[in-house]
Amino acid sequence: MSRLDPLRHLEGELAALEERGLLRTPPAPTMEGAALLNLCSNDYLGYASEPWPEDLLGRSGAGASRLVTGNFAAHEVAESALAGWLHTEAALLFSSGYAANVGTVAALAGRGDVVVSDALNHASLIDGCRLSGAEVRVVPHLDLAATEAALAGAHGARRRWVVTESYFSMDGDSPDLPRLRAICDRHDAALVLDEAHVLGVFGPHGRGLAAESGVVADVLIGTAGKSLGLHSAFVAGSHALRLWLWNRARSFVFSTGVSPVLASALVHRIRCVEADDVGRARLVARGAQLRAGLAALGVPDVAAGRGPVIPWIIGSADAAVALSGRLREQGILVQAIRPPTVPTGSARLRITVHARLSSEDIERALAAFRATR
Ligand SMILES: Cc1ncc(COP(=O)(O)O)c(C=O)c1O
């Protein structure tokens, strides 16, 4: 008897996605030194293109979970360096920001708890909330009154958690962190803060927006995949938090330890990023230049923003993809971001700046935006 392909439904599902303008196919590999000007990476300080330091030696692989035989001195040195940089008692490495968020939220919150989660939180935070078994109350984006109301109505819960980002990667906006901290304190809630897009970018020595605003998160999450220009991620906080995650974060416990040589590279990179006030100043200057130019072209809502992310909301997925294609023909690489990454009807160009762009690069980009819109 001939066997039916149990995956035969996929062709049809893919065709349906394509029909709705939502099919994503792997883009051409990003070419080093190509003529295209890259205005859509998360490598905000420009370190990702640097070669591995020549004197960086170490084991390539951990060979096992950290809990088994995969715990090496390089991990602990990197975790001390992270804790020192971020002014926390301790830190724990994860293999990615996705793994850190899913594992941390699900390990901390549980049945009987209430988690208040911003409507635009990253997928990894959403998945962590879902896995936790807690009751999740999704509040409108950046709505602190709704956050407070959700917490006020949760005093009967075992514990309360607020899960949010300090800088939203698709919108380039931020919660009022001092007010949010005060709300958490009033309702005995823990603040879980994802600083993925602002570590290295804002704050004293690039310590992020919480540090900039004098706020201490109970759980601070960052990734090495953005300003640090590497790969892997970390959760920073108390010794007790680190040990709890060591025991209970399933994406940590049941996963191979981060490559020890990568952990050593991370220490080197933290030192570079901490000291890079010049890069941070350039990033601010290039962002301001591009925002002013886009506002002059009539792009709405860009002038007031800050930081590396500049969203240009187009609306329809097809129109955003078409504009991205026309820009590519002009030598500018800006990907269109479509649902489900952003809400339906808000497809956009997510433009990002980085510290190694020159003023001429920004002028070149603006000329292309002018010619294609
Ligand atoms: C806010 C936020 N958190 C976490 C992540 C995941 O980080 P990583 O790329 O290291 O998995 C991302 C990446 O897109 C992000 O934007």
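Looking across region 201-212, just one residue is assigned to a loop (DSSP other than H, G, I, E, B) and either in contact with a strand residue (DSSP E or B) (Cβ under 9 Å, 6 or more places away or on another chain) or surrounded by fewer than 18 Cβ atoms within 10 Å (Cβ to Cβ) (or both), and that is 208.
Right, residue 251: assigned to a helix (DSSP H, G or I), under 23 Å from residue 42 (Cβ atoms) and either in contact (Cβ under 8 Å) with a residue 24 or more places away in the chain or among the polar types (S, T, N, Q) (or both) or not?
On the way: assigned to a helix (DSSP H, G or I): yes; under 23 Å from residue 42 (Cβ atoms): yes; either in contact (Cβ under 8 Å) with a residue 24 or more places away in the chain or among the polar types (S, T, N, Q) (or both): yes.
For residue 251, the condition - assigned to a helix (DSSP H, G or I), under 23 Å from residue 42 (Cβ atoms) and either in contact (Cβ under 8 Å) with a residue 24 or more places away in the chain or among the polar types (S, T, N, Q) (or both) - is met.
In region 216-227, which residues are within 10 Å of the ligand (Cβ to nearest atom) and surrounded by 24 or more Cβ atoms within 10 Å (Cβ to Cβ)?
Listed by number, the residues that qualify are 221, 222, 223, 224, 226.
Look at (1) farther than 15 Å from residue 208 by Cβ; (2) touching a helix residue (DSSP H, G or I) at 6+ places or on another chain (Cβ under 8 Å); (3) buried (at least 24 other Cβ atoms within 10 Å of the Cβ) and you find that residue 287 fails only one, number (2). Within region 1-27, the set of residues being closer than 30 Å to residue 354 by Cβ, surrounded by 10 or more Cβ atoms within 10 Å (Cβ to Cβ) and not basic (Lys, Arg) comprises 21, 22, 23. Can you find a residue that is touching a residue at least 40 places away in the same chain (Cβ under 8 Å), in contact with a strand residue (DSSP E or B) (Cβ under 8 Å, 6 or more places away or on another chain), among the hydrophobic types (A, V, I, L, M, F, W, C) and part of a strand (DSSP E or B) anywhere in region 316-331? Checked region 316-331: no residue is touching a residue at least 40 places away in the same chain (Cβ under 8 Å), in contact with a strand residue (DSSP E or B) (Cβ under 8 Å, 6 or more places away or on another chain), among the hydrophobic types (A, V, I, L, M, F, W, C) and part of a strand (DSSP E or B). All conditions in (1) out of contact with any Gly (no Cβ under 7 Å at 6 or more places or on another chain); (2) within 23 Å of residue 200 (Cβ to Cβ) hold for residue 314, with the sole exception of (2).
Considering region 75-174, the qualifying helices (runs of 4 or more DSSP H), each wholly inside and each with 1 or more residues that are within 16 Å of the ligand (Cβ to nearest atom), buried (at least 18 other Cβ atoms within 10 Å of the Cβ) and not aliphatic (A, V, I, L, M), run over 97-108, 123-132.
Restricting to region 255-301, name every residue that is assigned to a loop (DSSP other than H, G, I, E, B) and among the aliphatic types (A, V, I, L, M).
258, 297, 299
Which residue out of 275, 210, 317 is over 23 Å from residue 370 (Cβ atoms) and within 15 Å of the ligand (Cβ to nearest atom)? Write out each step before concluding.
On the way: 275 fails: within 15 Å of the ligand (Cβ to nearest atom); 317 fails: within 15 Å of the ligand (Cβ to nearest atom).
Only one candidate qualifies: 210.
Quick one: count up the residues across region 4-24 that are assigned to a loop (DSSP other than H, G, I, E, B) and either touching a Phe, Trp or Tyr at 6+ places or on another chain (Cβ under 7 Å) or under 18 Å from residue 346 (Cα atoms) (or both).
From region 4-24, those assigned to a loop (DSSP other than H, G, I, E, B) are 4-8, 20-24; that's our starting set.
In the following step, the residues that additionally are either touching a Phe, Trp or Tyr at 6+ places or on another chain (Cβ under 7 Å) or under 18 Å from residue 346 (Cα atoms) (or both) were identified as 20-24.
The total comes to 5.
Screening residue 335 against (1) touching a Cys at 6+ places or on another chain (Cβ under 8 Å); (2) of a type outside the set (Phe, Trp, Tyr); (3) surrounded by fewer than 18 Cβ atoms within 10 Å (Cβ to Cβ) leaves a single unmet condition, (3).
Residues in region 183-200 that are within 12 Å of the ligand (Cβ to nearest atom), in a loop (DSSP other than H, G, I, E, B) and in contact with a helix residue (DSSP H, G or I) (Cβ under 7 Å, 6 or more places away or on another chain): 195, 196, 198, 199.
Exactly one residue out of 215, 267, 258 is in contact with a Leu (Cβ under 6 Å, 6 or more places away or on another chain) and closer than 17 Å to residue 93 by Cα: that is 258. Among residues that are of a type in the set (Val, Ile, Thr), touching a strand residue (DSSP E or B) at 6+ places or on another chain (Cβ under 6 Å) and touching a residue at least 12 places away in the same chain (Cβ under 8 Å), residue 192 is included.
Each row is one residue, and each column tells you yes or no for (1) in contact with a Pro (Cβ under 8 Å, 6 or more places away or on another chain); (2) of a type in the set (Lys, Arg); (3) under 19 Å from residue 215 (Cα atoms).
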{"site": "138", "(1), (2), (3)": "no, no, no"}
{"site": "141", "(1), (2), (3)": "no, no, no"}
{"site": "155", "(1), (2), (3)": "no, no, no"}
{"site": "158", "(1), (2), (3)": "no, yes, no"}
{"site": "182", "(1), (2), (3)": "no, no, yes"}
{"site": "186", "(1), (2), (3)": "no, yes, yes"}
{"site": "189", "(1), (2), (3)": "no, no, yes"}
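Taken together, the values in this text are just the output of simple stated rules run on the coordinates, not laboratory data. Computed from a prediction, not measured in an experiment: that's the story for all the values here. As a convention, Cβ positions derive from the backbone with ideal geometry for all residues, glycine included, and neighbour counts pool all protein chains shown.
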